[in-house]
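Input: a single structure, listed below in C-alpha cells.
The values are calculated or read from the model by the stated rules, or taken from the named source; none is laboratory data. Every value quoted in this text rests on a predicted model; they were computed, and no experiment measured them. We place every Cβ from the backbone using ideal geometry, glycine too, and count neighbours over all the protein chains shown. The accessibility values were calculated without ligands, DNA or RNA, using every heavy atom of the protein model including side chains. Shrake-Rupley method; radii C 1.70, N 1.55, O 1.52, S 1.80 Å.
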Amino acid sequence: MTRNEDVRTVLSDRSFTRDVMGERARQAGETPGGARSVNMDGRAHNELRALVSKAFTVRRIEAMTPRIQAWTDELIDAMEETGPPADLVAHLAVPLPALAICELLGFPVEDRQVLSGWCERITRLGADGPDQQAWRELSAYIARRVPVERAALRGGLAPEASILTRLVHAHDSDDALSMEELLSLTVVVLAGGLETTQTAIGAGMVRLFRNPDQLDKVRADPDLVGPAVEEILRCQPVIDVNRVQVATRTVRLGGQEIRAGDLVQVSVNAANRDESVFPDSERCDVTRGPNPPHLAFGYGAHHCLGAALARLEIKTAFSTLLRRLPDLRPAVPLESLGWRGGHVTLGLEELPVAW
C-alpha cells in the first residue's frame with residue numbers, strides 16, 4: 001500500500017495487525033504463546049507501552065531541553081576543535097541521540113559507543129533476521145544492569161526514575177513483566193532511540209544542503225527550524241524497509257479485496273509523498289506547514305513513543321549548527337557520500353563538513 005489514506009488505515013484499523021505470528025496462530029485455531037512484544041495489539045501492547053510511556057511525557061522531554069542543548073554545544077565545541085573538514089555523523093549525529101537515550105534508560109553515557117555498536121548489528125537486514133549474537137550480548141549487558149537499578153529502588157520508585165528502573169520495578173513489585181519481556185523491551189527502546197534519530201540528523205542536513213534555497217530560508221529565519229524538521233521527516237526517508245502487517249479479516253482496501261491472513265506491505269515513504277495529500281511532494285518546502293501531518297513516526301496505537309524526544313534532538317542539532325556555524329557546508333560533493341545499506345535505517349557512512 002502506498003496511498004496515504006490506505007497506509008493510515010492499515011496502521012490504525014483493527015482489520016490489520018503487526019503480530020503476524022500471533023494472528024497466524026489465532027486463524028489456525030491455536031492460542032498464541034510466548035512473551036508479549038511491542039508488535040502485539042490490544043491489551044498486551046497497551047500494557048507494555050504504559051510501562052515506558054512516563055519517560056516520554058511532554059513534561060519529561062521538555063525538562064531534558066537544557067541537557068540536550070548542553071550536549072549539542074559540547075559536541076560542536078569538540079568538532080570545532082578538530083577543525084574542518086570534520087565528520088558531522090561521528091561528531092554530532094551519532095553521539096547526541098546516544099547521550100539522550102542512555103540518560104533516559106539509566107545507562108552510563110560512557111557505554112554509548114558499545115551500545116551503538118550492538119544496535120547497529122541488530123538492525124542489519126539479513127536472511128537470518130537480526131544479529132542474534134549482538135542481541136545476546138546486549139541482553140546480557142542489560143541483565144547486568146538490573147541489580148544496579150534494583151538497588152536504586154530501595155527508597156521507592158522516584159518520579160524521575162529511569163526507564164530501566166521502572167521496568168525492574170514492574171518485574172519485581174507488580175509482577176507485570178517477565179525478565180524476557182524486560183530485556184526485549186529495553187532493546188527495542190534503545191535501538192529506536194538511537195538508529196532513527198541518528199539517521200534523521202545526518203540525512204536531514206544532506207537534504208538541506210541539496211536544497212540551498214530552503215537552507216537559506218532557515219538560516220534567515222530561525223523560527224523555520226521546527227517546520228523544516230517536519231518537512232525533512234516527511235521527504236527524507238529514514239526507515240529503509242516497508243512495514244508488513246497481516247489482515248485479521250477480509251476487507252476491501254485500495255480497490256481490491258484483502259482476505260483474512262493476507263500479508264500487506266505499507267510504504268510510509270511513499271505515503272509521505274502522496275500527491276493527493278502533499279502537492280508537489282517531491283519538492284522540499286520548509287514553509288509547507290504541519291497539516292496534514294506526515295507519517296514518519298507511524299500512526300495509530302503504534303505511533304512512536306519517542307517522537308517528541310526525536311524532534312527535540314533534531315531541532316536542537318539543526319538550530320545550533322546553523323547559529324554557531326552560519327557558513328556550514330559539505331566538504332565533499334554530495335553525490336560522493338556513502339549511504340549505509342542493508343539496515344532498517346538508511347543512514348550515512350559519514351558527512352564531511354566545513355565552515
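For the reader, a short list of remarks on this structure follows.
- Just one of the listed residues (Ala151, Ala134) is open to solvent by less than 10 Å² (accessible area, probe 1.4 Å), over 26 Å from Arg59 (Cβ atoms) and among the aliphatic types (A, V, I, L, M), and it is Ala134.
- Residues in the range 184-217 that are among the small types (Gly, Ala, Ser) and either within 21 Å of Ala134 (Cα to Cα) or at pLDDT below 95 (or both): Ser184, Ala191, Gly192, Gly193.
- Of all residues in the range 75-85, those satisfying the criterion of being open to solvent by 30 Å² or more (accessible area, probe 1.4 Å) and touching a strand residue (DSSP E or B) at 6+ places or on another chain (Cβ under 7 Å) are Pro84, Pro85.
- Within the range 317-332, the residues that satisfy the criterion of being part of a helix (DSSP H, G or I) and either open to solvent by less than 50 Å² (accessible area, probe 1.4 Å) or in contact with a strand residue (DSSP E or B) (Cβ under 8 Å, 6 or more places away or on another chain) (or both) are Ala317, Phe318, Ser319, Thr320, Leu321, Leu322.
- Pairing each residue of the range 145-169 that is touching a residue at least 12 places away in the same chain (Cβ under 8 Å) and at negative phi with any residue that is open to solvent by 50 Å² or more (accessible area, probe 1.4 Å) and hydrophobic (A, V, I, L, M, F, W, C), provided the two are 6+ apart or on different chains, yields C-beta distances under 6 Å for Thr165/Ala152; His169/Leu157.
- Test for Leu88: is it out of contact with any Pro (no Cβ under 6 Å at 6 or more places or on another chain) and open to solvent by less than 10 Å² (accessible area, probe 1.4 Å): yes
- Within the range 254-272, tally of residues that are in contact with a Pro (Cβ under 7 Å, 6 or more places away or on another chain) and surrounded by fewer than 15 Cβ atoms within 10 Å (Cβ to Cβ): 0
- Qualifying residue in the range 243-250 (condition: more than 30 Å from Gln27 (Cβ to Cβ) and either open to solvent by 20 Å² or more (accessible area, probe 1.4 Å) or outside any helix (DSSP H, G or I) (or both)): no
- Going through (1) of a type in the set (A, V, I, L, M); (2) assigned to a loop (DSSP other than H, G, I, E, B); (3) surrounded by fewer than 16 Cβ atoms within 10 Å (Cβ to Cβ) one by one, Ala301 falls short only on (2).
- Leading residue by the ranking (most open to solvent (accessible area, probe 1.4 Å)) among those in the range 192-242 that are within 29 Å of Val38 (Cα to Cα) and of a type in the set (D, E, K, R): Asp240
- Any hit, the range 304-312, residues being touching a Gly at 6+ places or on another chain (Cβ under 6 Å), within 23 Å of Cys102 (Cα to Cα) and either open to solvent by 50 Å² or more (accessible area, probe 1.4 Å) or of a type in the set (D, E, K, R) (or both): yes
- In this structure, Glu30 does not satisfy being in contact (Cβ under 8 Å) with a residue 40 or more places away in the chain and more than 23 Å from the chain's Cα centre (by Cα).
- None of Asp274, Asp280, Asp285 is in a loop (DSSP other than H, G, I, E, B) and either within 30 Å of Trp355 (Cα to Cα) or among the β-branched types (Val, Ile, Thr) (or both) except Asp285.
- Taking the listed residues Ser178, Ser173, the one that is more than 23 Å from Val94 (Cα to Cα), of a type in the set (Ser, Thr, Tyr) and open to solvent by less than 60 Å² (accessible area, probe 1.4 Å) is Ser178, with no other qualifying.
- In the set (1) at pLDDT below 95; (2) surrounded by fewer than 19 Cβ atoms within 10 Å (Cβ to Cβ), the condition left unmet by Glu335 is number (1).
- Scan of the range 133-185 for residues that are of a type outside the set (Asp, Glu) and either in contact with a strand residue (DSSP E or B) (Cβ under 6 Å, 6 or more places away or on another chain) or within 14 Å of Arg36 (Cβ to Cβ) (or both), ordered by number: Leu167, Ala170, His171, Ala176, Leu177, Ser178, Met179, Leu182, Leu183, Ser184, Leu185
- Which numbered condition Gln265 fails, given (1) touching a residue at least 60 places away in the same chain (Cβ under 8 Å); (2) part of a loop (DSSP other than H, G, I, E, B): (2)
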